[in-house]
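So the structure is just underneath, and the comments pick up after that.
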Amino acid sequence: MKESLLEAKEKQVQNPLDGGFLNIDKPAGWTSHDVVAKIRRLLQIKRVGHLGTLDPAATGVLPICFGKGTKLASFVSDADKSYDAVLRLGEETDTQDASGVVTQSLPIPESLHSEESLASIKEVMAEFVGPYLQTPPMYSAIKIKGVRLYKTAREGKVVERPARQVSIRSIVFQEKHGNDIAFQVSCSKGTYIRTLCADIGAKLGVGAHLLSLRRTRTGNFDIENAVDLEAFAEYCLNGDWQKVAYPLDTPLQGVPALWLRESAVPKLLNGVQIGVDGLSKWDAFKAGGDLRFLDYEGRLLGVGLALKDFSAQKSSVAPTTRRGPTEAVFKIKTVLCAK
């Protein structure tokens, strides 16, 4: 049975490791780096990072990695994300959100204010579901010829940006108040919601920009379990911040597990490739997929890559395989913690 996040958190308190994750509800007005700096001071540790930048005006789920959790950053930053967003029709801005300067105001026809218009608005929004070529905004951290786009934008310049394929998993229209449309969206990494709003406005022929944004989910981290900074600071003052921390394997929920025999643990921790004869049991896995290595107590030791398809072995008996116990069916990618 899949371990719940609550059970994982309880394990973290009982067996604290020197790394893991936090689910912070970022406040408006803070940059993602501001949050990292605050947590670094609270925890008195250097290795702290954020996973999936939120613009200063945006709020919501900002996963934080600390200690050896930084080695697993890609598993969180590459995950799908969900947002509650509000777009404003009729105004385009240079940043594509409310922080920018209005560059164009367009009249909104009465037809878009009628009850019948809701169906057409929903249809246009639905057209963006699926693979979607999106041109990154000028005010973004993407580099073109080694220079961050936002630096070029601040000089009043506009450069050509190659479109990138992102994926909109779903868009759910919520309500319309005047020129403002509230909706929920789930999407792949690298999707700019402000650009999505601008593109929806362009498709409707009246322009638009992002008015407000709240991230509600990043991978396994959701807003219901997020902790605001003031509450986290209080936990730190009371010395029980680990109650709201998540263990190293949180972003790896659902990734096939391989349990090592006690004799194989030192080998893996020293980066020595091991075979299936070093395992006591394992989940089925497919070639090209990620794997997680666990010790006999279920602690995460490292991450690997499957080289071949392999069926499950659930009992702790000596493994047998036609391929032979020494043939490589997986390899080590990252070693996380010492025994």
*Any idea which of Leu149, Leu106, Leu112, Leu87 is more than 18 Å from Thr195 (Cα to Cα) and in contact (Cβ under 8 Å) with a residue 12 or more places away in the chain?*
Leu112
*Can you name every residue in segment 223-247 that is out of contact with any Asp or Glu (no Cβ under 8 Å at 6 or more places or on another chain) and in a loop (DSSP other than H, G, I, E, B)?*
Gly239, Asp240, Pro247
_Matching residues, segment 205-264, being touching a Phe, Trp or Tyr at 6+ places or on another chain (Cβ under 8 Å) and surrounded by fewer than 15 Cβ atoms within 10 Å (Cβ to Cβ)_ = Lys243, Glu262
*If you take the residues in segment 266-277 that are assigned to a helix (DSSP H, G or I) and surrounded by 20 or more Cβ atoms within 10 Å (Cβ to Cβ), which one is nearest to the chain's Cα centre (by Cα)?*
Leu268
*asked:* Give me the residue from segment 105-125 that is loosely packed, with under 14 Cβ neighbours inside 10 Å and of a type in the set (Gly, Ala, Ser) and, out of that set, nearest to Pro162 (Cα to Cα).
replied: Ser105
*Among the residues of segment 107-151, write down those that are under 17 Å from Ala182 (Cα atoms), in a helix (DSSP H, G or I) and among the acidic types (Asp, Glu).*
Glu123
*Determine whether segment 213-222 contains at least one residue that is out of contact with any Leu (no Cβ under 7 Å at 6 or more places or on another chain) and either in a helix (DSSP H, G or I) or more than 19 Å from Ser82 (Cβ to Cβ) (or both).*
no
*Applying the selection to segment 143-172, what residues are closer than 30 Å to Gln184 by Cα and in contact with a strand residue (DSSP E or B) (Cβ under 7 Å, 6 or more places away or on another chain)?*
Arg161, Ala163, Arg164, Gln165, Val166, Ser167, Ile168, Arg169, Ser170, Ile171, Val172
*Based on what the data block shows, is Leu336 in contact with a helix residue (DSSP H, G or I) (Cβ under 9 Å, 6 or more places away or on another chain), surrounded by 19 or more Cβ atoms within 10 Å (Cβ to Cβ) and at pLDDT below 85?*
yes
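Condition first: part of a helix (DSSP H, G or I), of a type outside the set (Ser, Thr, Tyr) and without any contact (Cβ under 8 Å) to a residue 40 or more places away in the chain. Now tell me which residues in segment 152-176 satisfy that.
Arg154
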_Taking the criterion of being of a type in the set (Lys, Arg) and surrounded by 15 or more Cβ atoms within 10 Å (Cβ to Cβ), would at least one residue in segment 173-185 satisfy it?_
yes
_Candidate set: segment 21-47, residues that are in contact with a Gly (Cβ under 7 Å, 6 or more places away or on another chain) and at pLDDT 90 or above; chosen: the one surrounded by the fewest Cβ atoms within 10 Å (Cβ to Cβ)_ = Arg47
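The values are calculated or read from the model by the stated rules, or taken from the named source; none is laboratory data. Owing to the predicted nature of the structure, the values given are computational and were not obtained by experimental measurement. Here Cβ is always computed from backbone atoms with ideal geometry, including for glycine, and neighbour counts include all displayed protein chains.
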